[in-house]
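The values are calculated or read from the model by the stated rules, or taken from the named source; none is laboratory data. For clarity, every value in this text was computed on a predicted model and none was experimentally measured. Glycine gets a Cβ as well: all are built from the backbone with ideal geometry, and neighbour counts include every protein chain shown. For the accessible areas, the whole protein counts, side chains as well, though only heavy atoms, and no ligand, DNA or RNA atoms are used. Shrake-Rupley method; radii C 1.70, N 1.55, O 1.52, S 1.80 Å.
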Amino acid sequence: MTASGTNPPSGGGGPDRASVSAAWELLLPVASAPVRGRGRALQSALREAVRSGRLAPGTRLPSSRELAADLRVSRGLVTEAYEQLTAESYLRSGRGAGTWVSGSARAAAGGARDLAPRALGVRVDFRPGTPDLSLFPRSAWAAAHRSVLGRLPHGALGYPDPRGLPELRVALAALLTRRRGVVADPERLLVCSGVAQATTLLGFVLHGRGVRTVGVEDPGSPEHTALFASAGVATTMVPLDDGGLALEPLKRSGVRAAVTTPAHQFPTGVAYSAARRSRLLEWAREVDGLLIEDDYDGDFRYDRAPVGALQGLDPERVAYTGSVSKSLAPGLRLGWLIAPASMTDELVERKRMMDLGNPSLEQAVLADFVTGGGYDRQLRRCQRAYRERRDVLTRALSEHIPGTEVSGVAAGLHAIARLPGRWGPDEEFAQRAAGAGVAVRLLREYGTERPAGDRVRLVLGYAHLAPADIVRGVRALAGLAQ
């Protein structure tokens, strides 16, 4: 055999020779690799040939002398490659018996799927929960990143305090005290991967204390049920009334912990009344229980100053959770949890076991962004944009679908719209909307309630949409009347 590469290396019988021939082209680049990299290139090429199945199990490889001649490399380089892959169990060999492909390796799945939610084939997406990601302050964030990298000590890149970097906990405690009226001790504040992780941590600690069921709002965010289930805790649906979470059903449920969204209930848009907030705290004290406050968009109130967090009234009966997912971007995966003092040590230990803490660099950047005033500027920018878009939505509904009732307080990133009767029934309407390229969510999708009648009630997200797209989407919905 020549070393020209026009023929595959020999060795073994027909099936073995055919397998080596099929894999031969994978080895050819080794000959043109830089001299110092040929050994690594040969090992990598052989691994890939075995993993892909082009060198099948049981295939006998050429002798080191033959393969070295064909690839125009030293015999020692081939011998070393054979020995390395034999040690890794890709190959097997025996004295005087040659080198063979072992049966240990299996081909890995090819490619990488992207499971992030996408709105494929949708002209206008009214589904709620997403901020306008184009508002992310790229220049200011990049400046904070450069500043932090320039001064961050080497030791800060080690494993962090599982509660979060001290400077971020101090910055967040000051921010939440000032903006949300939270009682925020930096020693009790945990930096988390968003409200989702905060909820899961609370679920694990509650389960460890014997709690097996938690009350959740009906209608409410479906994620709460799944998150508690991951910690072995079931949920029971507690209905709402005009004041918020209904007290009598809550008492009858027998639970001692419940999730609330008092500043701006999701999805109904109700703001808990002062009386209901007080009575919920009384309930928590009576049953020696816990309220879990999800303050997912508490900074975004457009008709008045935001109502302070429930936690500020009784920090030993309320666990407070929040994040930057609506104000900056959900992809940052940065949030916070402030729990009663009696739970803090257990939460910190669970957080340590779960992930050893959040990334230090991103925490340091957020701390710099908050203390430098960038976060307050970002909130003002988002508030202006989202207030304008809510106004555009309500005007468009009034103009193009007269008789639509918009309910809930002027806040947050979504609104509830009750359409006139000729646009129903609701499930048929949702199908017609999808056919027109407009994605919507029905209010009934978020709870157990099935209202009588044919009136369509939609949960319309608007924050991520340009004003022109909001109007275009409403016009498309207007054309779907029966």
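Within the full protein context, the accessible area of Glu48 is estimated at about 90 Å² for a probe radius of 1.4 Å.
For region 92-149, the extents of the C-alpha atoms along the principal axes are 68, 41, 15 Å, listed from largest to smallest. Tell me whether region 213-283 comes out rounded, prolate or oblate; compute the Cα gyration tensor, take square roots of the eigenvalues as a ≥ b ≥ c, and use a/c under 1.5 as the rounded threshold. Oblate. Normalised per residue, the accessible area of region 134-231 is 44 Å², obtained with a 1.4 Å probe and no contribution from ligands, DNA or RNA. Rounded to whole Å, the principal axis extents of the Cα atoms in region 35-188 read 79, 48, 30, largest first. Quarter the surface of the alpha carbon convex hull of region 368-479 and you get the mean projected area, 8.2 square nanometres. Ligands, DNA and RNA aside, Thr199 has an accessible area near 0 Å² when probed at 1.4 Å. Here region 62-106 is treated as a sphere whose radius is the Kirkwood value from Cα pairs; by Stokes-Einstein at 4 °C and 1.567 mPa s it diffuses with a coefficient of 120 µm²/s.
Which parts of region 43-65 would a label at Ala107 reach, counting a residue when its backbone N lies under 12 Å from a point 7 Å out along Cα-to-Cβ? The answer is 49-57. Here the accessible area is traced with a 1.4 Å probe on the protein chains. For region 333-426, carbon and sulfur cover 48 percent of it. Within the accessible area of region 253-307, what % is carbon and sulfur when the probe is 1.4 Å and the other protein chains stay in place? Here it works out to 47 percent. Could you please state how large a percent of the accessible area of region 108-190 is carbon and sulfur, counting protein chains only and using a 1.4 Å probe? Of all accessible area on region 108-190, carbon and sulfur atoms account for 58 percent. Using only the Cα atoms of region 128-217, build the gyration tensor, take square roots of its eigenvalues as a ≥ b ≥ c, and label the shape rounded, prolate or oblate: rounded if a/c is under 1.5, else prolate if a/b is larger than b/c, else oblate. Prolate. Could you please report the charge total around His145, scoring K, R as +1 and D, E as -1 over all other residues with beta-carbon less than 13 angstrom from its beta-carbon? Cβ neighbours under 13 Å give a net charge of +1.
Along the axis of the charge dipole computed for the chain (Cβ charges of +1 for Lys and Arg, -1 for Asp and Glu, origin at the Cα centre), the listed residues Ala411, Leu91, Leu77 are led at the positive end by Leu77. Which whole-number percent of Cα pairs in region 248-390 have a distance greater than 18 Å? So the pairs more than 18 Å apart make up 64 percent of the total in region 248-390.
Our note on the geometry: Cα centres of region 181-228 and region 328-404, 16 Å apart. Between Glu428 and Arg380, full extension at 0.36 nm per residue minus the direct alpha carbon distance yields a gain of 13.3 nm.
Computed from point charges on the beta carbon alone (+1 for Lys and Arg, -1 for Asp and Glu), the dipole magnitude for region 344-478 about its Cα centre is near 560 Debye. Remark: relative contact order (region 295-344) = 32 percent; criterion is Cα-Cα distance under 8 angstrom and separation of 6 or more residues. The residues neighbouring Asp355, those whose beta-carbon lies less than 15 Å from its own, together hold a net charge of +2 under the Lys/Arg +1, Asp/Glu -1 convention. Three semi-axes describe the equivalent ellipsoid of the chain; taken as square roots of 5 times the Cα gyration tensor eigenvalues and ordered largest first, they are 56, 30, 23 Å. Computed over protein heavy atoms with a 1.4 angstrom probe, the accessible surface ordering of Leu313, Leu227, Leu290, largest first, is Leu313, Leu227, Leu290.
Just so you know, the Rg over Rh for region 311-374 is 1.01, from Cα atoms, with Rh as the Kirkwood radius.
Net charge around Val233, counting only other residues with Cβ within less than 11 Å of its Cβ (Lys, Arg = +1; Asp, Glu = -1)? Net charge in that neighbourhood comes out at +2. For region 265-349, just say rounded, prolate or oblate: build the C-alpha gyration tensor, square-root its eigenvalues into a ≥ b ≥ c, call rounded for a/c under 1.5, and beyond that prolate if a/b exceeds b/c, oblate if not. The shape class here is oblate.
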